[in-house]
Amino acid sequence: MGDDVLENLLRRLEAGEIDRDTVLQYIRQMPYEDLGFAKIDYHRGLRQGFPEVIYCASKTPEQVREIFRRLAQRSPRVLATRADSIMAAAVQEVVPEARYHPLARVITKGLEETPNDVCGEVAVICAGTSDLPVAEEAAITAETMGSLVTRVYDVGVAGLHRLLGEFQRFEEAKAIVVVAGMEGALASVVGGMVDKPVIAVPTSVGYGAAFGGLAALLGMLNSCASGVSVVNIDNGFGAGYTAHLIARQSR
């Protein structure tokens, strides 16, 4: 949206031809910047409360670098997921303060800064150490967006006493992300213990009959525990994002 369009809107507002809500609604829909290989939605933060997130898989390091740079110029917080170290190095050439989290494969800007709108607590629970990459993607996503995150890791159903021993650490959370592979039973166990939303994340961890996470996905979808919702296989980002939105509503 160019300055001339905005000036025209403001003139019409001043003249009483349109009202304030009409102007705000128009601004919320625009603008975006066309880079040829990407159209950056700068007003997503205005509409949804957080800037557009960069999904790095299948992009080139140069594309990730340029998108990240443009977003960083306009927002104190930027998040890029499914990134590798080459992409991170390219980003840090133009945004030196960007930080790479290799386990989660995430690049962040502004994670270390406490946001003004910090909101309720999110818990991220994972069944085993093999699930940590997905769990960390969820945790860092929620943290970057402004939630306080409690991590409770390696508490799968093969040793249920480990989970019960950690219960007090996450009972104050407003939303709980549960990450598990194999048969995905941990989500049902947690869902039966708490009175808050549980977002289950099936992972592709497991032997042959796990079918790359399909067994865990079906197990979680068939959970008998109330209040359990399920995201896609290995989608830690989607779970962390949703958990933050729930926590934000409960402020």
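What to note about this one:
- Within the range 22-50, tally of residues that are over 23 Å from the mean Cα position of the chain (by Cα) and at pLDDT 85 or above: 3
- Within the range 141-172, the set of residues being touching a helix residue (DSSP H, G or I) at 6+ places or on another chain (Cβ under 8 Å) and assigned to a loop (DSSP other than H, G, I, E, B) comprises 146, 153, 154, 155, 156.
- Filter result for residue 131 (under 22 Å from residue 220 (Cα atoms) and surrounded by fewer than 24 Cβ atoms within 10 Å (Cβ to Cβ)): no
- Any hit, the range 174-187, residues being surrounded by 19 or more Cβ atoms within 10 Å (Cβ to Cβ), touching a residue at least 60 places away in the same chain (Cβ under 8 Å), touching a Ser or Thr at 6+ places or on another chain (Cβ under 8 Å) and within 19 Å of residue 136 (Cβ to Cβ): yes
- Residues within the range 167-194 that are acidic (Asp, Glu), out of contact with any Gly (no Cβ under 8 Å at 6 or more places or on another chain) and more than 11 Å from residue 150 (Cα to Cα), tallied: 0
- Neighbours by Cβ (under 7 Å, 6+ apart or cross-chain): first from the range 81-105, closer than 15 Å to residue 139 by Cβ; second among the aromatic types (Phe, Trp, Tyr): 81/55; 81/237
- Just one residue in the set 201, 228, 190 is in contact (Cβ under 8 Å) with a residue 60 or more places away in the chain, of a type in the set (A, V, I, L, M, F, W, C), surrounded by 19 or more Cβ atoms within 10 Å (Cβ to Cβ) and more than 16 Å from residue 138 (Cα to Cα); that residue is 190.
- Scan of the range 153-193 for residues that are among the basic types (Lys, Arg) and in contact with a strand residue (DSSP E or B) (Cβ under 8 Å, 6 or more places away or on another chain), ordered by number: 169, 174
- Scanning the range 223-246 for residues that are in a helix (DSSP H, G or I), over 14 Å from residue 178 (Cα atoms) and either more than 22 Å from the chain's Cα centre (by Cα) or among the β-branched types (Val, Ile, Thr) (or both) yields a count of 1.
- Answer from 190, 201, 177, 194 - the residue that is assigned to a helix (DSSP H, G or I) and under 19 Å from residue 121 (Cβ atoms): 190
- Search result, residues across the range 71-94 that are surrounded by fewer than 18 Cβ atoms within 10 Å (Cβ to Cβ) and either hydrophobic (A, V, I, L, M, F, W, C) or assigned to a helix (DSSP H, G or I) (or both): 73, 74, 85, 86, 89, 92, 93, 94
- Count of the range 168-222 residues, restricted to those that are of a type in the set (Phe, Trp, Tyr) and over 22 Å from residue 248 (Cα atoms), is 2.
- Residue list for the range 50-65, filter: crowded, with 19+ Cβ neighbours inside 10 Å and outside any loop (DSSP other than H, G, I, E, B): 54, 64, 65
- Residue that is surrounded by the fewest Cβ atoms within 10 Å (Cβ to Cβ) [pool: residues in the range 15-49 that are of a type in the set (A, V, I, L, M) and in a loop (DSSP other than H, G, I, E, B)]: 15
- For residue 220, the requirement of being farther than 23 Å from residue 82 by Cα, surrounded by 14 or more Cβ atoms within 10 Å (Cβ to Cβ), over 22 Å from the mean Cα position of the chain (by Cα) and of a type in the set (A, V, I, L, M, F, W, C) is not met.
The values are calculated or read from the model by the stated rules, or taken from the named source; none is laboratory data. Keep in mind that what you see is a predicted model, and the values were worked out from it rather than measured. Neighbour counts run over all protein chains shown; Cβ positions are idealised from the backbone, glycine included.
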